[in-house]
Amino acid sequence: MNIELTDGIILLRPWREEDIDALYEAASESIKEISTWMPWCHPNYKREESAAYIMSRDEAWKNDTEYGFAIFDVETKTFLGSLGLNHIRREWQMANLGYWIRTGWTGRGIASRATRLGARFAIEQLGLQRIEIVASVGNLPSQRVAEKAGALREAVLRKRLLVNGQPHDAVMFSLVAEDLEQADR
């Protein structure tokens, strides 16, 4: 797939086999910070897990089940993190959007930029009307990203997420086309 989304600062593109080592390195760097919220990034994380994930992405795109993007710095070409659209519900024209940024690059607005690009792709290219971001009530950095991206905080959903097998209340955010237009102003 030759899709590239950019705002001139970051670039999102579908995963490629050549990204395996970059994903493994970034995930390994970020275990302490993201493993609480993303159990796939655990202390014993292996390169083989990066390979298995990346090699499954083409099929997910073809099946319209998930759209995963690697995030890069436009200038340096450094791998920065990941953004994904999943839980796609065509009958309701909606999807879930998730993100993570490697530890050494957090706090620079990358995730909110990526969120806007990913939401715009979902609305304009996939024909969806609503993008949801669900963050644990304890995951304040993820909530800040959603707010900076222009998402509307809608509700706290009780026991909405399971994280490491434990139920967590979650904050529901949404992005629709009008929110993106407002964020562009």
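The values are calculated or read from the model by the stated rules, or taken from the named source; none is laboratory data. All of these numbers come straight from a predicted model, not from anything done at the bench. All Cβ positions, even for glycine, are placed from backbone atoms using ideal geometry, and neighbour counts span all protein chains on display.
Does Glu4 qualify as being surrounded by fewer than 14 Cβ atoms within 10 Å (Cβ to Cβ), modelled with pLDDT of 95 or more and farther than 25 Å from Leu175 by Cα? So Glu4 fails the test.
For segment 165-182, does any single residue satisfy the condition of being in a loop (DSSP other than H, G, I, E, B) and on the phi < 0 side of the Ramachandran plot? So far as segment 165-182 goes, yes, one or more of its residues are in a loop (DSSP other than H, G, I, E, B) and on the phi < 0 side of the Ramachandran plot. The single condition from (1) among the charged types (D, E, K, R); (2) in contact with a Lys or Arg (Cβ under 7 Å, 6 or more places away or on another chain); (3) under 14 Å from Leu12 (Cβ atoms) that Asp169 fails is (3). If you take the residues of segment 99-119 that are among the hydroxyl-bearing types (Ser, Thr, Tyr) and closer than 14 Å to Ala183 by Cα, which of them is farthest from the chain's Cα centre (by Cα)? Looking at residues that are among the hydroxyl-bearing types (Ser, Thr, Tyr) and closer than 14 Å to Ala183 by Cα, I get Ser112. Kindly establish whether Gly127 is closer than 20 Å to Asp7 by Cα, modelled with pLDDT of 95 or more and of a type in the set (Gly, Ala, Ser). Criteria not met by Gly127.
Sub-9 Å Cβ pairs linking a first residue in segment 157-183 that is within 14 Å of Gln143 (Cα to Cα) to a second residue that is hydroxyl-bearing (Ser, Thr, Tyr) and surrounded by 17 or more Cβ atoms within 10 Å (Cβ to Cβ), at least 6 apart or interchain, are Asp169/Ser136; Ala170/Ser136; Val171/Ser136; Val171/Ser142; Leu175/Thr115, ordered by first then second residue.
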